[in-house]
Structure formats: structure tokens, C-alpha cells
Amino acid sequence: MKFLFNRCLIMSVFLTFSILLIGCSNTASSKVTITKEMDQIVSDTIMEQNKDELAPTEKQFEVHKIYGADEKDGVITIYLYAIYEGYNKSTGTEVQSGHSYSARIKLAKDENGYVLKEYKTPEEGGEFMDSLEELFPRKYSKQVLKDNGNGADLDEQMQKKVENWLSKTNK
């Protein structure tokens with residue numbers, strides 16, 4: 001009798017957890033592979049959001065590193081680190097203005113492609129850590145802190161864009 005009771009108890013616990021897992025799977029987020037279209041929207045968003053933030057220059061560039069993305073309820077959330085810099089022909093590859101930062105971008109798909117739903121960056125100063133932890137999953141917030149000091153290894157990408165622009169404009 002005791003054996004039967006234990007077996008029923010184990011079975012009911014198993015069924016309860018199974019039902020909970022099935023019920024929660026509809027709201028759980030899933031990983032997303034970033035398409036070229038999504039990546040272009042990220043680039044365009046970075047350029048648009050920063051166009052009035054820094055001192056004017058002849059040409060501005062952005063490079064970014066995507067930590068990851070997920071989808072929940074039809075909204076794709078992208079976690080990234082970006083560098084935005086401005087250059088002038090007369091000063092060549094010397095940065096005239098710029099900054100680097102982490103951001104969270106949310107996109108939704110409609111009949112014409114993807115639409116920007118949200119662009120958010122962590123607060124600055126003393127609020128940075130709390131804000132970062134609210135915006136980013138822990139695994140990405142740790143990477144942001146690591147990348148803050150070294151530009152997320154994006155300098156070479158930026159240099160190539162600037163040199164390409166300079167070679168085309170100096171002809």
C-alpha cells in the first residue's frame with residue numbers, strides 16, 4: 001500500500017510539473033538568428049539615434065556587436081554594444097567626436113518587414129549598473145562590462161569603414 005501511495009505521489013508531482021512546463025512554453029522566449037535585414041535596421045537605428053548627439057562632422061559611422069537576441073510574443077529583442085564616431089576629411093582617421101554604449105533594440109515584424117518598437121540604453125553615472133541589469137540578461141550584462149573598456153574589439157571594423165570613405169573621397 002505504501003508503495004502505491006509513493007508511486008501516485010511521484011506521478012502527480014511529475015504531471016504537475018509537466019503541465020506547468022507546457023503552460024509556460026507559450027510565453028517563453030526563443031533564440032533568434034539575426035538576419036541581414038535586422039542587422040541593417042540595427043545600424044540605421046544607431047545612426048538615427050545618434051545624429052544629433054555629438055559635435056557635427058563631415059561623416060559619421062557606426063559599428064556594433066550583437067550579444068544575442070530572443071523573441072517573445074512576436075517581438076524580437078536585440079542586445080548590443082555600439083560605437084558611433086564622426087570624422088572629417090582634413091583630419092583623416094582621427095576621431096573628431098564619438099561614443100560607445102550598450103543598447104537594447106526591440107523589433108516587430110509586419111507586412112513590410114521589421115519595425116522598430118523600442119531603442120533603449122542604460123542610464124549613465126550612478127544609475128548605470130541597475131539600469132543595465134534591468135535592460136540586459138545577466139549573461140550579456142557581464143559582457144557589456146567587459147567590453148566597456150576595450151570597445152568590444154570593434155576598432156578595426158571602424159578603421160576599415162573610415163579608410164574606405166577617405167579613399168573614395170580623396171580621389
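The values are calculated or read from the model by the stated rules, or taken from the named source; none is laboratory data. Predicted, not measured: the structure shown is a model, and the values here were computed from it. Heads up, the Cβs are rebuilt from the backbone with ideal geometry, glycines too, and the neighbour counts pull from every protein chain shown. These accessible areas exclude ligands, DNA and RNA; they are computed on the full protein's heavy atoms, side chains included. Shrake-Rupley method; radii C 1.70, N 1.55, O 1.52, S 1.80 Å.
Figures for the structure shown
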read-out	value
Leading residue by the ranking (least open to solvent (accessible area, probe 1.4 Å)) among those in the stretch 128-171 that are assigned to a loop (DSSP other than H, G, I, E, B) and not aliphatic (A, V, I, L, M)	Phe136
Failed condition for Asp39, given (1) in a helix (DSSP H, G or I); (2) at pLDDT 55 or above; (3) open to solvent by 70 Å² or more (accessible area, probe 1.4 Å)	(3)
So Leu116, is it in a strand (DSSP E or B) and either among the small types (Gly, Ala, Ser) or surrounded by 13 or more Cβ atoms within 10 Å (Cβ to Cβ) (or both)	yes
Residues (acidic (Asp, Glu) and either within 18 Å of Pro137 (Cβ to Cβ) or not in a helix (DSSP H, G or I) (or both)) located in the stretch 42-54	Asp52, Glu53
Selection count where residues are in contact (Cβ under 8 Å) with a residue 12 or more places away in the chain, open to solvent by 20 Å² or more (accessible area, probe 1.4 Å) and aliphatic (A, V, I, L, M), scope the stretch 57-100	2
Qualifying residue in the stretch 112-119 (condition: touching a helix residue (DSSP H, G or I) at 6+ places or on another chain (Cβ under 6 Å), within 20 Å of Leu154 (Cβ to Cβ) and at pLDDT 95 or above)	yes
Residue under evaluation Arg104, criteria (1) surrounded by 16 or more Cβ atoms within 10 Å (Cβ to Cβ); (2) in a helix (DSSP H, G or I); (3) of a type in the set (D, E, K, R), criterion not met	(2)
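Okay, residues lined up against (1) within 12 Å of the chain's Cα centre (by Cα); (2) over 16 Å from Gln40 (Cα atoms):
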residue	(1), (2)
Arg104	yes, no
Lys109	no, no
Leu116	no, no
Tyr119	yes, no
Asp130	no, yes
Lys139	no, yes
